[in-house]
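J.: Sharing a structure, written as structure tokens. Questions coming.
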Amino acid sequence: MSQSIFLPNYTIGADAYEKVNDIVKPYGTNAVIIGGKTALEKAEDKIKAGLTSAVKVTDTLWYGGNSTYENVDQLLAHPSVQAADVLFAVGGGRVCDTVKVVGEKAGKPVFTFPTIGSNCSPVTAVCVIYKENGEMQGLFFPSQPPTHAFIDSEIIAQAPDKYLWAGIGDALSKEIESTFSARGDELDYTDGLGIQIGKMCTERLLQYGTQALKDSAANQPSYAIEQVVLDIIVTTGLVSVLVINDYNSALAHSFYYGTTVLEKMEDYLHGASVSYGVLALLQLDQQEALFQRIYAFMKENKLPVCLADMGLNATSDLEAILDKAMTTNDIVHVPYEITREMFKQAILDVEAYHAKQNQASLAAAN
């Protein structure tokens, strides 16, 4: 059987939107902007300023507040979307996922304008769909990724720091989960390429992540921010596009999906939850040296290194998390069976390590 691969394209820089007109115009002249409310405030005027008469924005729409099929259907029924040649998705991952589904169903090219550096949705051919109550419902797979991503590093630097923070947490999972899921398999060229690209993730995040967060706190675009954002959006996105879905995630994402059943976690950022799941996976797989490095980096940058950091409790919340986590496909294609007991023990091991570190710090202070 033949195989067709559509790789992501991107432009990054404080002047990224100046390239929009020339890149978009071969695909059509009428664009509809669809975005989040805050994202539109930050980016809409700057996008329009980069356009000439060759490409015009015919309407600007709110995406609906979450990536649900209900919001997709409302957008598909909107006359402006039906009349548009191209769709501009402006905002975070849920905006991009919503518009990618709309574009696939409507047969229209999608261009993404991430305003936060929180995940790889702007370049991937997978969409996370949620229920109206916030619980994860499932995945939707477009036939190809967005046509082009315009990554304005100035807008991302000026966004709330928590989004880049969570993006780093999410990207920490890519190399670790993909290499774990693919372990022992005979990989074809495309899967092997994706796995190798993913190996750029961890070291670059550890090298540039702390400085990028400092620069973000200063609202200052920088080399460190660009390196980290490229890791978060492009490196992880390339892996996602190249590898079969079995290799795209593992236990770290299962943990996150498990937390979506808890109402109190509805507004907690995806990437931060995933980063804790990375620690659990490393404990499960007995990768002690890497666990200690990742733990130290996460602790330095205030990513969650214990359940309490996320407002969770091992006694009252863990069983509900595991109930959902164990139903996910993320832990099906793995090098060995992951039982509920193993999953739970990995989390308890992270908690025990954290407690031990706290005790050592207190002893040193005294």
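J.: Can you give the net charge of the other residues whose Cβ lies under 13 Å from the Cβ of residue 68, counting K and R as +1 and D and E as -1? Don't skip to the end; give the middle numbers.
T.: On the way: positive: 94, 131; negative: 70, 73, 97, 132, 135.
Summing Lys/Arg as +1 and Asp/Glu as -1 gives -3.
J.: With only Lys, Arg, Asp and Glu charged, each at its Cβ (+1 for the first two, -1 for the last two), find how big the charge dipole of segment 75-164 is about the Cα centre; round to the nearest 20 debye. Show your work: numbers first, answer last.
T.: Details: 6 positive and 8 negative charges, 40 e Å.
About 200 debye.
J.: Here's a follow-up. On the full set of protein chains, 1.4 Å probe, figure out the accessible area of residue 183 and give it in Å² to the nearest 10.
T.: About 100 Å², ignoring ligands and nucleic acids.
J.: For segment 59-143, report the accessible area per residue in Å² (1.4 Å probe, heavy atoms, rounded to an integer). Walk me through the intermediate numbers first.
T.: On the way: 2830 Å² over 85 residues.
Roughly 33 Å² per residue, with all protein chains present.
J.: How large is the Kirkwood hydrodynamic radius of segment 312-353, in angstrom, based on all distinct alpha carbon pairs? Each step should come with its number before you reach the end.
T.: Values: mean 1/r = 0.0904 Å⁻¹.
By the Kirkwood definition, the hydrodynamic radius is 11.1 Å.
J.: Could you sort 2, 361, 178 by their accessible area in this structure, using a 1.4 Å probe and putting the largest first? Don't jump to the answer; show the numbers that get you there.
T.: Details: 2 115, 361 70, 178 0 Å².
Result, largest first: 2, 361, 178.
J.: Let me ask something else. Over all alpha-carbon pairs in segment 266-357, figure out the percentage whose distance exceeds 15 Å.
T.: Numbers: 2498 of 4186 pairs.
For segment 266-357, the share of Cα pairs beyond 15 Å comes to 60 percent.
J.: With unit charges on the beta carbon (Lys/Arg positive, Asp/Glu negative), name the residue among 193, 327, 251 whose Cα is farthest towards the positive pole of the charge dipole of segment 190-334.
T.: 193
J.: Given the rule -39500 (n - 2.57) for each run of at least 4 DSSP H residues, summed and divided by the residues of the chain, what is its mean residue ellipticity at 222 nm, to the nearest 500 deg cm²/dmol? Could the numbers behind the result be given before it?
T.: Numbers: 16 runs with 185 residues, N = 366.
Value at 222 nm, helices only: -15500 deg cm²/dmol.
J.: Continuing with this model, one more query. Whole number please: convex hull volume per residue, Cα atoms of segment 153-238, in Å³.
T.: Numbers: hull volume 6.2 nm³, N = 86.
Per residue, the Cα convex hull of segment 153-238 comes to 73 Å³.
J.: Next question, about the same structure. Which whole-Hz ³J(HN,Hα) couplings does segment 28-36 yield from phi under the Karplus relation 6.51 cos²θ - 1.76 cosθ + 1.60, θ = phi - 60°, glycine and proline marked x?
T.: Using θ = phi - 60°, the values come out as x, 10, 10, 10, 10, 8, 10, x, x Hz.
J.: Under a Cβ-only charge scheme (Lys and Arg +1, Asp and Glu -1), can you give me the dipole magnitude of the chain about the Cα centre, in debye to the nearest 20? Could the numbers behind the result be given before it?
T.: On the way: 26 positive and 44 negative charges, 121 e Å.
That gives the chain a dipole magnitude of about 580 debye.
J.: Per-residue HN-Hα couplings for segment 175-190, Karplus 6.51 cos²θ - 1.76 cosθ + 1.60 at θ = phi - 60°, whole Hz, x for Gly and Pro?
T.: 4, 5, 6, 5, 5, 5, 5, 8, 4, x, 8, 8, 8, 6, 4, 5
J.: Could you rank 190, 52 by how accessible they are, 1.4 Å probe, largest area first? Let's see the in-between values first.
T.: Values: 190 15, 52 80 Å².
If we order 190, 52 from most to least accessible, we get 52, 190.
J.: May I pose another question? Considering only protein heavy atoms and a probe of 1.4 Å, how much of the accessible area of segment 90-201 is carbon and sulfur, as a whole percent? The partial results should precede the final answer.
T.: Numbers: 1760 of 3620 Å².
Answer for segment 90-201: carbon and sulfur cover 49 percent of the accessible area.
J.: Modelled label-to-label distance, residue 15 and residue 365, 7 Å Cα→beta-carbon offset: nm?
T.: Between residue 15 and residue 365, the label points sit 5.0 nm apart.
J.: Only Cα pairs under 8 Å and at least 6 apart count here; give the relative contact order of segment 46-132 as a rounded whole percent. List each step's numbers first, then the result.
T.: Numbers: 114 pairs, mean separation 25.6, N = 87.
With pairs under 8 Å counted, the relative contact order is 29 percent.
J.: Work out which GluC sites (Glu not before Pro) in the chain are exposed loop sites (DSSP not H, G, I, E or B, at most 16 other Cβ within 10 Å) and give the longest gap free of them. Intermediate results must be reported in sequence, preceding the final value.
T.: Details: sites that count: 132, 135, 186, 266, 337.
My reading of the result: 1-131 is the longest stretch.
J.: For residue 320 and residue 135 in one chain, what is 0.36 nm times their gap in residues minus the Cα-Cα distance, to one decimal in nm?
T.: Length difference between fully extended and current span is 65.3 nm.
J.: How big is the accessible area of residue 148 in square angstrom, nearest 10, if you roll a 1.4 angstrom probe over the protein chains?
T.: Taking all protein chains as shown, residue 148 has close to 20 Å².
J.: Now for a separate question. For segment 1-149, what relative contact order do you get, as a whole percent, if you take Cα pairs closer than 8 Å and at least 6 residues apart?
T.: Details: 294 pairs, mean separation 37.6, N = 149.
Relative contact order of segment 1-149: 25 percent.
J.: Between 23, 195, 331, which gets the highest mean-square fluctuation from a Gaussian network model of the chain, Cα cutoff 10 Å?
T.: 23
J.: Would you work out the relative contact order for segment 243-356, in percent, from Cα pairs under 8 angstrom that are 6 or more residues apart? The partial results should precede the final answer.
T.: Numbers: 118 pairs, mean separation 43.2, N = 114.
The normalised contact order for segment 243-356 reaches 38 percent.
J.: Hey, if you put +1 on the Cβ of every Lys and Arg and -1 on every Asp and Glu Cβ in the chain, which of 313, 202, 138 ends up farthest toward the positive end of that dipole?
T.: Working it through, the farthest residue towards the positive pole turns out to be 202.
J.: Between segment 58-135 and segment 298-325, how many Å separate their Cα centres?
T.: Taking the Cα centre of segment 298-325 as reference, the centre of segment 58-135 is 30 Å away.
J.: Between residue 56 and residue 22, 0.36 nm times their residue separation minus their Cα-Cα distance comes to what? Could you put the intermediate results ahead of the total?
T.: Numbers: separation 34, 0.36 × 34 = 12.24 nm, distance 1.24 nm.
Between residue 56 and residue 22, full extension yields 11.0 nm more.
J.: Assuming 0.890 mPa s and 25 °C, estimate D for the chain with Stokes-Einstein, Rh taken as the Kirkwood radius over Cα pairs, in µm²/s.
T.: Details: Rh = 20.8 Å.
The calculation lands on 118 µm²/s.
The values are calculated or read from the model by the stated rules, or taken from the named source; none is laboratory data. Being a predicted model, the structure only gives us computed values, none of them experimental. In this analysis, Cβ positions are derived from the backbone assuming ideal geometry, glycine residues included, and neighbour counts consider all displayed protein chains. Protein only, heavy atoms only, side chains kept; ligands, DNA and RNA dropped before computing areas. Shrake-Rupley method; radii C 1.70, N 1.55, O 1.52, S 1.80 Å.
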